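Take a look at the structure below.
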Amino acid sequence: MSIRAKLFLIFFACGIVPLLILGFFNYWTSTRTVATLLREDIEQDSEGITEDLQACLSEREEGMIELARMRSLREYAGNPPAPHALPAAMSGGGQARPGTSKTDTAAALQRTASVIDAALDSSASSSVPESVRANLAVFLETNRKYYAAITCLDVKGVPLLRLEEISNSRGVHQLHFQTENFLPGSFSPDERVWNVAGLKPLRAKATRGPMGTMVRYTVPLFTAEDGPNDPRGALLLDLKLEAIFNEAASGRVTRWSNNSPSKDAALAPRLIIALSPDGQIVYHTNEVFKHQNVKNVMPFFQTVSEAMAAGQSGVSFYDAPDGERWMASYRPVESLDLSVAAASDESAAMRGLRSAGWTSLLLSAFIGIVAAVLLAQFASRTARSIERVTEGAVAIARGKLDQRIEVRSNDETRLLADTFNQMTDRLREQMIRETELQQFQAFMRISAMLTHDLKNSISALSLLVNNMERQFDKEEFRRDAMQSLREATDKLRGLVAKLSNPVETLSGEYKRPRPHDLAPIIQRVLSATAEPVNSLHEIETNLPPTLVAFVDAERIEKVVENLVLNAIEAMGAKKGKLSIKAGPEGASEVFFSVADTGPGMTEEFQRTRLFRPFKTTKSKGVGLGLYTCREVVKAHGGHIDVESQKGVGTCFRVVLPSVQKIIGPGDKSGRETPRPVL
């Protein structure tokens, strides 16, 4: 397959396909999110409307109870006066009017006089006590949007009066009292009213009347006490169900526009519908559909309407005549024997999202294909140049350093070919000079090692000389100084011996590890390097009496010496604390640590430069000390760790084996087999 085809397929597989998958996933996630939010929104609508209906009904029922507690009504129901024996003043007229707030009551009381005058226009009202007329008139005037009529029955269930709002010939709404000529059976109360205990409004089923769908309430009018056997009349209140639904649904439109899950969802059409068990539309957001059978005007709503008629709750979809897909959430209103549904146009909510999603996918695919084609065209022009460079590179890799790569193009392949040619020229020169450089490697290696060992010896002698002027008169100091001088002399003599025999020195051959007590080794190093500076720095040691490790004592002594000298040099002339600790580490290892309160090291230095040869923070030094320490410790089968914090100090911890580690015979896995020290 050609490079052009390969690049096209690679770009398509690694660029366009993931982009399309990501686009599809984002589109799917967005639609699911909007659908979920829309579902939650309409469920909240249906639940909220149901709760608002219950709250509105409870408020109306409280007003009915307050009206039934009026003394004038109770006396009127128990002992209605003769037509010409009316009281001169209102009885209970100063009581707060039921079913109203304080503001409504105040406004209603201001209209009481005019309301009574309007009622008195009817000749039938003359037989009704003034207090009764006032209380009923104010109640109906204040709650005229909720109630169509109020009927009062005496203790025998006979209608005494009916108060309703009518329009006269001039179109003016007036309150009308009726006290006679009642149609038989028109005002039948709920039979439970004659036996119920307490003031409890009794609700009947919703019925269709001339003024819309009504719910009739029957409230007992107790003439004395409110026991189950006490005499009582009854109040019949015809509640306008449409007014209750209007109040419950009044806040939905505002919430739709302000709290919709998305901009598209906010613009999506919505509706609220209430159905009776027989399929009559009790309430609809569109006035045209009210008071009609849902099967006749909304046949497409049949699936949802059947579930509503069965008193079920849930969420369902239906298709409108215009092809739009709607989502509806429905639930029953148990107290009214109705069912309410809130629906929203899901297609409208998703339309903008779907359009943007498909546009984004098509645009991404188009851009990706165009880019892949352009890349393939570019690759076809450079394929031959790349092949020439490849052929030349293969020849150079096989050892033909006289191979020349010729490319005629002016793009990056020309620069690559020229670079290969320069590389081969320099490689030939490098191979000529490599032989010369190898001759100097041995000398450079031994020089670095001897320079580092010599530096440590000189540092120890410098510390000794610096303290001679202050402490030379002390016999103990002179004795320790002589011992330190002998040891330093022996070390320098050993360095000269190594320089005299470079072959053995460069070979890295050392004595075989044997059991040695580290405690005296550490004490000897401290006496030579740390004791001379005990007047400047605090020295803290925590060593066991014996600490046996399987090591080359000379090499480990240099490790201890290097770590102690580094700690002293790190603290410098500023007073600090040098801490030396040692002890067992598990069953087969021992440890010793050297800690100082110097400036510490940064995390970047520890990560990139620590334990690297020729890397140091000192102004003077070759940077082989810690590198050599780590190599020596690793050669013994141990490890060295460091903890350092900038501005706090540094602690080096060396762990060494306390048993001999050998490779067991026949152990092909190469695992280490411990052998106890005898």
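The values are calculated or read from the model by the stated rules, or taken from the named source; none is laboratory data. This is a predicted model, so every value here is computed, not measured. Positions of Cβ are backbone-derived with ideal geometry, glycine not excepted, and every protein chain shown enters the neighbour counts. Surface areas here come from the heavy atoms of the whole protein model, side chains and all, with no ligands, DNA or RNA. Shrake-Rupley method; radii C 1.70, N 1.55, O 1.52, S 1.80 Å.
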Residues of segment 534-559 being open to solvent by less than 50 Å² (accessible area, probe 1.4 Å), touching a residue at least 60 places away in the same chain (Cβ under 8 Å) and in contact with a strand residue (DSSP E or B) (Cβ under 8 Å, 6 or more places away or on another chain), which ones? ALA549, PHE550, VAL551, ASP552, ILE556, VAL559
I'd like the full set of residues that are open to solvent by 60 Å² or more (accessible area, probe 1.4 Å) and either within 17 Å of VAL633 (Cβ to Cβ) or part of a helix (DSSP H, G or I) (or both), limited to segment 586-609. GLY586, GLU603, GLU604, ARG607
Say whether the condition of being surrounded by 19 or more Cβ atoms within 10 Å (Cβ to Cβ), part of a strand (DSSP E or B) and in contact with a helix residue (DSSP H, G or I) (Cβ under 7 Å, 6 or more places away or on another chain) is met by at least one residue in segment 194-201. no
Going through segment 562-597 one residue at a time, which ones are among the charged types (D, E, K, R) and at pLDDT 90 or above? LYS577, LYS581, GLU585, GLU589, ASP596
Taking into account only those residues within segment 202-232 that are among the charged types (D, E, K, R) and within 30 Å of GLY279 (Cα to Cα), which is surrounded by the most Cβ atoms within 10 Å (Cβ to Cβ)? ARG216
Restricting to segment 283-300, name every residue that is among the aromatic types (Phe, Trp, Tyr) and in contact (Cβ under 8 Å) with a residue 24 or more places away in the chain. TYR283
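Each row is one residue, and each column tells you yes or no for (1) surrounded by fewer than 23 Cβ atoms within 10 Å (Cβ to Cβ); (2) assigned to a helix (DSSP H, G or I); (3) in contact with a Leu (Cβ under 9 Å, 6 or more places away or on another chain).
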residue: LEU136; (1), (2), (3): no, yes, yes
residue: CYS152; (1), (2), (3): no, no, yes
residue: GLU164; (1), (2), (3): yes, no, yes
residue: GLN174; (1), (2), (3): yes, no, no
Counted residues, segment 295-316 - those being modelled with pLDDT of 90 or more and within 40 Å of the chain's Cα centre (by Cα): 9
Sole exception among (1) loosely packed, with under 15 Cβ neighbours inside 10 Å; (2) modelled with pLDDT of 80 or more; (3) closer than 24 Å to ALA567 by Cα for ARG486, by number: (2)
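One line per residue, one yes/no per condition, for (1) of a type outside the set (Gly, Ala, Ser); (2) at pLDDT below 80:
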{"residue": "ILE3", "(1), (2)": "yes, yes"}
{"residue": "LYS6", "(1), (2)": "yes, yes"}
{"residue": "ILE10", "(1), (2)": "yes, yes"}
{"residue": "GLY15", "(1), (2)": "no, yes"}
{"residue": "LEU22", "(1), (2)": "yes, yes"}
{"residue": "VAL34", "(1), (2)": "yes, no"}
{"residue": "LEU38", "(1), (2)": "yes, no"}
{"residue": "ILE42", "(1), (2)": "yes, no"}
{"residue": "THR50", "(1), (2)": "yes, no"}
Qualifying positions in segment 334-365 - closer than 19 Å to GLU40 by Cα and in contact with a strand residue (DSSP E or B) (Cβ under 8 Å, 6 or more places away or on another chain): SER339, VAL340, ALA341, ALA342, ALA343, SER344, ASP345, GLU346, SER347
